[in-house]
Amino acid sequence: MNYLKALALVTCLLTAGCATTANYEKVLQSWMGSNVDNLVMRWGPPANSYPLTNGGRVLEYSNNRNVQIGGYTTTVPQTTYTSGTTNVYGSNGSSAYGTYNGTSTTYVQKTAPVQNFAMQCITRFTVNAQGIITNWAWQGNDCKAMAPN
């Protein structure tokens, strides 16, 4: 299995079950108009909170993880092509001339290098002075969710 196939496999596993950014946005959109206390009860305390001049605030949630791929060993075919000419001289003065060609295949182990991918999702909710969620934004390469119920 080559590196691109392995990366595709990992990508499929990470996104299995329709976990997508579009579904993540649907989840975020479902919080619009909700009281911030409900969000905190469900998502836990935010990693950061920033006050706004209008009396509202921004709540920031952050998730970080590392995904490693590689390090696996596969067996791959290695074919050797040979060709050439030969002369054979006999003891009685006779000689023979000929050409040859052929292939041989052996199987060698190949280990894929280990690669580390940093995965991150930062989500920010804007809350007005009355504690109502009025906006959201996300950034990162790991902001995915299953379709909301």
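The values are calculated or read from the model by the stated rules, or taken from the named source; none is laboratory data. As the structure is a computational prediction, the values presented were derived from the model and not from experiment. Positions of Cβ are generated from backbone atoms using ideal geometry, with glycine treated the same way; all protein chains shown enter the neighbour counts.
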Members of segment 138-149 found to be surrounded by 14 or more Cβ atoms within 10 Å (Cβ to Cβ) and touching a strand residue (DSSP E or B) at 6+ places or on another chain (Cβ under 6 Å), listed by number: Trp138, Gly140, Asp142, Cys143, Lys144
Selection count where residues are part of a strand (DSSP E or B) and without any contact (Cβ under 8 Å) to a residue 40 or more places away in the chain, scope segment 83-134: 23
Failed criterion for Asp142 (all others in (1) among the charged types (D, E, K, R); (2) without any contact (Cβ under 8 Å) to a residue 40 or more places away in the chain; (3) not in a strand (DSSP E or B) hold): (2)
Qualifying residue in segment 112-126 (condition: of a type in the set (Phe, Trp, Tyr), surrounded by 10 or more Cβ atoms within 10 Å (Cβ to Cβ), under 33 Å from the mean Cα position of the chain (by Cα) and modelled with pLDDT under 95): yes
